[in-house]
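Have a look at the structure below before the remarks.
The values are calculated or read from the model by the stated rules, or taken from the named source; none is laboratory data. The structure displayed is predicted, hence computed values, not measured ones. Please note: Cβ atoms are built from the backbone with ideal geometry, for glycine as well, and neighbour counts cover all protein chains shown. In case anyone asks, the SASA skips ligands and DNA or RNA and just uses the protein heavy atoms, side chains included. Shrake-Rupley method; radii C 1.70, N 1.55, O 1.52, S 1.80 Å.
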Amino acid sequence: MANPRVHEIAAEIGVDSKVVLAKLKEMGEFVKASSSAVAPPVARKVKAALEADGVAKPKGDDAAAASKPAAKKPAGPKPGPKPAAPQAEKPAPATETVEPAAPAEAKPAASDAAAKPAAAKPGSKPGAPKPGAPKPAGPRPGNNPFASSQGMGIPRPPRPGNNPFAPSQGMGRPGGRPNPGNIPRPAPRPQGAGAGGGRPGGPGRPGGGGRPGGGGFNRPGGGGGAPGAGGFAGPRPGGGFAGRGRGGRGAGTAGAFGRGGSKSKARKSKRAKRQEFEMRQAPSIGGVQVPRGDGATPIRLRRGASLSDFADKIDTSASNLVTILFHLGEMATATESLDEATFEILGDELGYKIQIVSPEDEDRELLEGFDIDIEGELEEEGDDVLQQRPPVVTVMGHVDHGKTRLLDAIRKADVGGGEAGGITQHIGAYQVHTMHDGVDRALTFIDTPGHEAFTAMRARGAQVTDIAILVVAADDGIMPQTIEALNHAQSADVPVVVAVNKIDKEGANPDKVRQQLTEFGLVSEEWGGDAMFVDVSAKNDVGITELLDAVLLTADAGLDLRANPDKDARGVAIEAKLDKGRGSVATVLIQSGTLRVGDAIVAGTAYGRVRAMSDENGDPVLEALPSRPVQVQGLSSVPRAGDNFIVTSEDRTARQIAEKREAAERNAQLAKARKRISLEDFTKALEDGKVESLNLIIKGDVSGAVEALEESLMKIEVDESVQLRILHRGVGAITESDVDLATIDNAIVIGFNVRPDVKARERAAREGIDIRFYNVIYNALDDIENSLKGLLKPEYEEVQSGVAEIREVFRSSKFGNIAGVIVRSGTITRNAKARVIREGVVIADGLAIESLRRFKDDVTEVKTDFEAGIGLGKYNDIQVGDEIETTEMVEKPRA
C-alpha cells in the first residue's frame, strides 16, 4: 500500500493541511507540500500528536457528530428509491435490482437515515416535502468523487464505477447485473433466522430484507448480511463472498478504482515492527535513511569494492549511499571502485567499522570457493607422507659485492658477464649438487639484485627461502642495501650465513665486517655468537666448499626441510618473461607436490597447461619435485614475480580462478588510482591544465624488472605541480597497441631490455612518439627525473646585464632627453629593461632602452668603456651623474 499523503491525513483527522504541515516541520520531518507522502510511522506519530494537542477530532467524535443532525431530520419524505415491497421472506430473484452499498464515509447514523424513506406512506411523491417543513439536512454539496450525488442536492442515480462487487455497473443498466448463461440458483438452505427473512431488525430495511451490505447475487443464505458484507453473498451465515464482518478487508463501500473501505486490522510481524522502529529511530542524511551500526559493527570489504558491495552488506540501496557520500563531501558512482579512506569516512558516519580484506585473505577466500585449502592441506600431512627436500638458499647483499660472481664460482658458470652494466637485474634460480659427508646433496640457489631499486625482489627472495647468504665485501663493509637485505631476512625469520667476499683485495678487513654486523644482531661463532661467517674469494675460488658446508650444517641443525611429493604441485613464480619463440616463460619454484608436463596450472592471473619444462641449463624436465626451480611454458600471459601457482584438476577451474583474480586486481588498481575529488575542489578540477603530468608506458623483458622500475619511478618526487602517471606496464616487445595508447595520451614509451617490432617502429615514427631504450635501471631513473624537472614551470631571476653612467644630457624636441653615457660594466642592449639610479637610490623603474646609438648609427648593443646615446622613451627626468642599469630575466637552474 502506498504511503499516505499529507492532505489525506488532514482529511482523515478533520483538520487543514497547513496544520499537519506545520506539525510535521515542528517534529523535524522534511515535507515540502500537502501532496508529499510520509512514512506510516510518521503518519501515526503526527496523528497522535495532533489528537494530544486537541486539534484533531478523535475517531469516535465523527460518529457522534453525525448522529446529532440525523436526529433533527424532519419526518417528511425525502428523495430516494421507492420502499421495498414486503416480500423479504422470499429469496430475491437473480434479476432484482439491489441498491448499491453505502459510501465509505457513511457512519452508523446513516443507516437510520436510510430506513426513514422506507417508512413513508405509499403513494407519497418522493422529493416533495410538506410546505413549511424545515429544509432537509442532506449531505453537504462538495467534490467527493465517491458520493452518489453531487452539486446542490440534485437527486441522481448511483454513479457508475468499476467496483467489481457492485450489482450495477456501467451507465445504470436496469435490472441489475445479468445472470450469465441464466444459471439456475440452488434453493436456499435453512439457516435459522438468517434464512429467507434476514436477521431480526425490521423487514423494511434496504438490502434485501436484512441489514445493509448484502448486495450482489444472493446466493443461498445471503439474504441478510452483516454490515460491510459487500460483494457476492456467500453461503456462510450472514456474509457475502467478501463479507468478513465489521472492519474486514471488504468493509465499507469501495470507491472509484476499487479504493476505499476500512484498513486491514491484520497483525504485523515482528520483523515489520522492528524495521518500522529502526526507520523511526534512524537519523536522516540527505533525506535518506539507512540501517546504522553501533560504532563497532564490522563490515568486511574486498580491495576496490564499490558502494553496491557496501549496500549489499547493510541491506540498503546503493543510491542511498551515493546520496550520503555526496553530503559528506565525496562524489562517487554506485559501481565505482573506492579506496579504504573513502569507506572509512562512510563507515564512521553510519556507525560501521570497515575492514578491508588483505590480498592474502582475499585470495584464500577465492580458493576456498573452489574447494582448495592450501594451509589445510599442509596441516593434514603426516610424517608418513613427508620426504626430505633440498634447502632453498637466497643470495643477498649490496650491489657490486660479488653475489653473482659467487654463484658463478659455485655453479662454474659466468652469469654476471651477461648482465648489463655488470649488475644483476633479474632473479635467477639454480640447483647445484655438492658432496657433504660422503652424500650427494642438492641445493637450490636464488640470486637477487643488489641495486636499491630492487627492494621488492629482495623481499620476495627472502620470503621463499630457507637460508639466506649475506654477501659483504671485505673492502667496503656494511652498505645500505646490506642492511636492507639483512632486515628482509630477519623479518622472514630465516637463518643467515655471512659470506665475507673479496678477502684477496688490498685493504680487505674481514674483522671489520664482523664488528659492524654485531650492531645488527649477527655475532660470529668465533666471537661467541651463533651466526656462521665464512671468508671467501669468488674470483680466486677460495672458501666455496666451506660456504656450502656451512649452509648444509645450518639447514640440518635447525630446519625441518620436508615436503609431500605425492600431490598436486604448489609453489611460487620467481621470475617471468615473454619469449618470442616460446611465448610466456615463467621460472617457478616447487614448494610441495610434483609438477608434471600436461598439468593445468594457474599463477596469479595467468593460466594454462604445462606444455614443456626445462631446467636452468635449458635441458627438458618431465617432472619437478619439491625445491626444484624449472622454467614453465604454456601460460596464457606473463605472471608477476612472486605470484603463487597451483595445479588444478581441469582447465576450466584454472581459467575461472585467473579471471576472478584479474577482476579483483583491476578493481584494486582502480581504487588505488582514483583521485578523490571534494566538493570544494570540484570547480578547480574542472578547469584542468593546472597540474602537469608525465605519462609513461613501461615494457620490459621480465616482470620483476618492470615492477622494480615502476616502484622506483613512483618514488620520484619533484614538485606538487608535476605528476607521474604510468598508463600501462607489460612484459615483451613494444607493440603497435602500445604506440596507439601513447598517441592518445601523449605518453613516452620506455623499453627496458626490449625493442619495438617493425610495425610499432613505423607507427611511432609516423606519430612522433618518443621511445626510450635502457638496459641499466638507474639510467632510466635519471632520465625520467630530469624530464619531470623539465615539466616544472621555469623559475626566473633578475640578472644585471650592464651599467652606464650619464656624462651629458642632450635635449631634443623630437626624441626628448637623450642621455650621453659611457658603459662602466657589462653590455647595454637595445630594448633591455632599465632603471635609473641617482646617488644609490632607484628613482625610476620599469623603463626600457628604446633607442641606442653610437654617434649617428643605430646599434643593438654597446660594450664596456664605449660611449653611446640612450633614449628612455617618454621618461626625461635624467641628470648628469645618474646611472642607467639594465637587467634581464635568466632562468634559474633547479637543484
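Name the residues in the range 721-777 that are assigned to a loop (DSSP other than H, G, I, E, B) and touching a Leu at 6+ places or on another chain (Cβ under 8 Å), would you? Don't jump to the end; show me each part of the working.
Filtering the range 721-777 down to residues assigned to a loop (DSSP other than H, G, I, E, B) leaves 721, 732-733, 735, 746-747, 753-755, 757, 768-770, 775-776.
The answer is 721, 732, 733, 747.
Are any of the residues in the range 33-45 of a type in the set (A, V, I, L, M) and without any contact (Cβ under 8 Å) to a residue 12 or more places away in the chain? The answer is no, given that none of the residues of the range 33-45 is of a type in the set (A, V, I, L, M) and without any contact (Cβ under 8 Å) to a residue 12 or more places away in the chain.
Residue-by-condition table, conditions (1) surrounded by 15 or more Cβ atoms within 10 Å (Cβ to Cβ); (2) touching a helix residue (DSSP H, G or I) at 6+ places or on another chain (Cβ under 8 Å); (3) at pLDDT 85 or above; (4) among the charged types (D, E, K, R):
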position: 301; (1), (2), (3), (4): yes, yes, yes, no
position: 305; (1), (2), (3), (4): yes, yes, yes, no
position: 311; (1), (2), (3), (4): yes, yes, yes, no
position: 315; (1), (2), (3), (4): no, no, yes, yes
position: 318; (1), (2), (3), (4): yes, yes, yes, no
position: 322; (1), (2), (3), (4): yes, yes, yes, no
position: 336; (1), (2), (3), (4): yes, yes, yes, yes
position: 343; (1), (2), (3), (4): yes, yes, yes, no
position: 347; (1), (2), (3), (4): yes, no, yes, no
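Of the set (1) open to solvent by less than 60 Å² (accessible area, probe 1.4 Å); (2) within 24 Å of residue 563 (Cβ to Cβ); (3) among the small types (Gly, Ala, Ser), all apply to residue 658 but (2). The residue list 814, 874 contains one member that is open to solvent by 100 Å² or more (accessible area, probe 1.4 Å), touching a residue at least 12 places away in the same chain (Cβ under 8 Å) and not assigned by the TED database to the domain that holds residue 786, which is 874. Taking the range 411-434 as the range and being among the hydrophobic types (A, V, I, L, M, F, W, C) and at pLDDT 85 or above as the test, only 432 passes.
Selection over the range 835-857 of residues that are without any contact (Cβ under 8 Å) to a residue 12 or more places away in the chain and assigned to a strand (DSSP E or B) gives a count of 4. Within the range 404-418, residues that are farther than 12 Å from residue 447 by Cβ and part of a helix (DSSP H, G or I) have Cβ atoms under 8 Å from residues that are aliphatic (A, V, I, L, M) and modelled with pLDDT of 85 or more in these pairs: 409/538; 409/544, counting only partners at least 6 apart in sequence or on another chain. In the range 492-521, the residues that are on the phi < 0 side of the Ramachandran plot reach residues that are aromatic (Phe, Trp, Tyr) and open to solvent by 70 Å² or more (accessible area, probe 1.4 Å) with C-beta atoms within less than 7 angstrom, at least six apart or across chains, in these pairs: 514/527.
Of the residues making up the range 568-611, those that are of a type in the set (D, E, K, R) and in a loop (DSSP other than H, G, I, E, B) number 3.
Kindly provide the set of residues from the range 612-644 that are open to solvent by 20 Å² or more (accessible area, probe 1.4 Å), in a loop (DSSP other than H, G, I, E, B) and not charged (D, E, K, R), ordered by number. Matches in the range 612-644: 617, 618, 622, 625, 636, 637, 638, 642. The number of residues in the range 485-514 being in contact with a helix residue (DSSP H, G or I) (Cβ under 9 Å, 6 or more places away or on another chain), surrounded by fewer than 19 Cβ atoms within 10 Å (Cβ to Cβ) and not in a loop (DSSP other than H, G, I, E, B) comes to 3.
Residues are listed down the side, and each one gets a yes or a no for (1) modelled with pLDDT of 85 or more; (2) basic (Lys, Arg):
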site	(1), (2)
758	no, no
761	yes, yes
769	yes, no
777	no, no
788	no, no
801	yes, no
811	yes, yes
